[in-house]
Amino acid sequence: MSSIFPLPRPTPHRSARFVAIKTLCELQKSRKPVNIIFNDLLATHPLENNDRQLATNIIYGLLRSRESLDIMLQHLCSQPLKKFNPFVHQALRVGLFQILYLDRIPESAAVNESVKAVQAARLPKRLHGFVNGVLRNAIRKREELLALLETSPQANLNHPEWLIQRWEQQYGKEETVRICQQNNTPAVFSIQINSSVTDRKTLRATLDANAIKAHSGSYCDNTLILDDFHGNVSRLPGFQEGHFQVQDQGAQLLAQLLSPMTQNGEYLDACAGLGGKTSVLAQLAAPVQAKVSAVEPDKARQKKFNENMKRLHPELDIALFAGSLQEYAAATAKRFHGILVDAPCSGTGVIRRHPDIRWNRRAEDLDRYQETQLELLNAAASLLEPQGILVYATCSLEEEENEQVVQQFLAANSAFSLEDCSVVLPPAARTLVRDGFFSPSPGAEIDGFFGAVLIKQTHSV
């Protein structure tokens, strides 16, 4: 059989494609977050910056187009894809993704590097030739393959069927298609300006002076969106000085649901994570001399939290309890004027930013998340002062994790009442409120979130 590209010579080199394929294989097997898998692999297979960026682009781009790629691969192969060796399947996906969607990668390199990865994995030689042949055939049939997607609109959604069906019931078909299409595009690069040290006008001027284009966010006064930025965020002017953090506008608005803050009040970020919303709370607290504390049980996140607070708020001593919220509630006598519970959730509102979520989640996960979310809300409620504000938040689009959690909490806690989120949001963000809840769907400048404001009355009703 004639060959456009001869089989490359075997090489022990672990390339960007090899690491991408290994990452995708582990993701398929473990359902761990893809960034954790990727970073773990980089510890044993280090890559130069350019190769690391290429591997990242391949992994994330492939996850946004996985179903489309499989439809085209099945058209090229007589054997069902589910019977393929997992490494070979991912190698074919990686090769085809480069051929069809990465214009800067020569077709020959896409083929050769995929074959080299199979060789490096020490798979049988017949599989080297198989991958080479399938990808060469894909080049010849490029237009035919792309035409397949035109005749199968569902393939372009690139989300699991169970999730599409849920959203169609909740939002309707047209909105479901829009959400899926939005999720299949990279998220904008949004930064939140640290109002404790600078302002949007000053930071924008600094970025302009460094030829970095940015425009104001549509919903938050303290946001800039960087146009077509793909570099290292730590090298941006002002980053090391704590002038900003990377944060979606929706995440900022969730923290703002605790405003206005009480003079000299006490506030708690009950699920602090890396400290993004803690920082926004600290900025809101500064004008009224309020104090912010935080809770985070995960050791890796605790480390990152402390690093972020040192960079963004070196002048503050933000107390971090290194344990669960339930443990904190049992250990402290302190009561708070406001508490933010940004609960662990399915993350279906931030699929655009974390494309692996769509493939990792299962419908049965939602009940498990709901149980945890109610436990956290109840623990937070016990820490609240009378007339205090309890903000419940997720980055999920699912009713089980959002409205149903609030309804169940209110049914069991008569001292609390629901307040319309519009009251405390900036005018531009009030369009994102539905039935009193802050609930933006994924859009051009914002991810999908949910927020509810719950007020603790002086006496039970």
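The values are calculated or read from the model by the stated rules, or taken from the named source; none is laboratory data. These numbers were taken from a predicted model, which means no experiment stands behind them. Glycine gets a Cβ as well: all are built from the backbone with ideal geometry, and neighbour counts include every protein chain shown. With ligands, DNA and RNA removed, areas are computed over all heavy atoms of the protein, side chains included. Shrake-Rupley method; radii C 1.70, N 1.55, O 1.52, S 1.80 Å.
Tell me the net charge near ALA205. Cut-off is 13 Å between Cβ atoms, ALA205 excluded, with +1 for each Lys or Arg and -1 for each Asp or Glu. Combined, the nearby Lys, Arg, Asp and Glu give +2. Taken over the range 1-151, the ratio of Cα radius of gyration to 2.2 N^0.38 Å equals 0.97.
From largest to smallest, the equivalent ellipsoid semi-axes obtained for the chain from the alpha-carbon gyration tensor read 44, 24, 20 Å. Counting only Cβ charges, +1 for Lys and Arg and -1 for Asp and Glu, the dipole size of the range 1-134 around its Cα centre is about 440 debye. Which of the three applies to the range 406-461, rounded, prolate or oblate, going by the alpha-carbon gyration tensor with a ≥ b ≥ c and a/c under 1.5 meaning rounded? Judged from the Cα gyration tensor, the range 406-461 comes out prolate (a/c at least 1.5, a/b above b/c).
Accessible surface computed residue by residue for the chain, with neighbouring protein chains in place and a 1.4 Å probe, gives 45 Å² per residue. Of the solvent-accessible surface of the chain, computed with a 1.4 Å probe over protein heavy atoms with every protein chain present, carbon and sulfur atoms account for 50 percent. Whole number please: convex hull volume per residue, Cα atoms of the range 367-409, in Å³. Spread over its residues, the Cα hull of the range 367-409 gives 69 Å³ apiece.
Charge tally around HIS159: other residues with Cβ under 9 Å, Lys/Arg +1 each, Asp/Glu -1 each, net -1.
Against the chain, whose longest principal axis comes from its Cα atoms, helix 16-30 is set at around 60 degrees.
Rounded to the nearest 5, the antiparallel percentage of DSSP beta bridges internal to the chain is 60%. In this rough spin-label picture, where each label sits 7 Å from Cα along the Cβ direction, the THR151-LYS82 distance is 2.3 nm.
Seen against the Cα atoms of the chain and their longest principal axis, helix 403-412 is set at about 30 degrees.
Toward the positive end of the charge dipole of the range 89-182, with +1 on the Cβ of Lys and Arg and -1 on the Cβ of Asp and Glu, the farthest Cα among PRO153, GLN98, VAL111 is that of VAL111. Computed over the range 107-251, the alpha-carbon pair-distance distribution with 10 angstrom bins reads 9, 23, 18, 25, 21, 5, 0, each value a whole percent. Spin-label model, SER108/SER414: points 7 Å from Cα along the beta carbon direction are separated by 7.9 nm. What's the FRET efficiency of SER234 with GLN28 using the Cβ-Cβ distance as r and R₀ = 35 Å, to the nearest 0.05? Efficiency for this residue pair is about 0.65.
For the range 432-449, the Karplus equation 6.51 cos²θ - 1.76 cosθ + 1.60, evaluated at θ = phi - 60°, returns couplings of 8, 9, 9, 6, x, 9, 7, 8, x, 7, x, x, 4, 10, 8, 8, x, 9 Hz by residue, with Gly and Pro reported as x. Pairs spanning more than 29 Å between alpha-carbon atoms, out of LYS32/LYS201; LYS291/LYS456; LYS173/LYS456: LYS32/LYS201; LYS173/LYS456. Over all distinct Cα-Cα pairs of the range 28-105, the Kirkwood formula returns a hydrodynamic radius of 13.7 Å. Over all Cα atoms in the range 204-302, the spread is summed up by Rg and Dmax: 15.1, 42 Å. If R0 equals 25 Å, the separation of the Cβ atoms of SER382 and GLN407 corresponds to a calculated FRET efficiency of about 0.80. Taking only Cα atoms, what is the 0 to 90° angle, nearest 10, from helix 173-183's long axis to the longest principal axis of the chain? Relative to the chain, helix 173-183 is tipped by roughly 80 degrees. Of all segments of the chain bounded by trypsin sites (Lys or Arg not before Pro) found in a DSSP loop with no more than 16 other C-beta atoms within 10 Å, the longest spans 214-333. For the range 339-379, the ratio of Cα radius of gyration to the globular rule of thumb 2.2 N^0.38 Å stands at 1.27.
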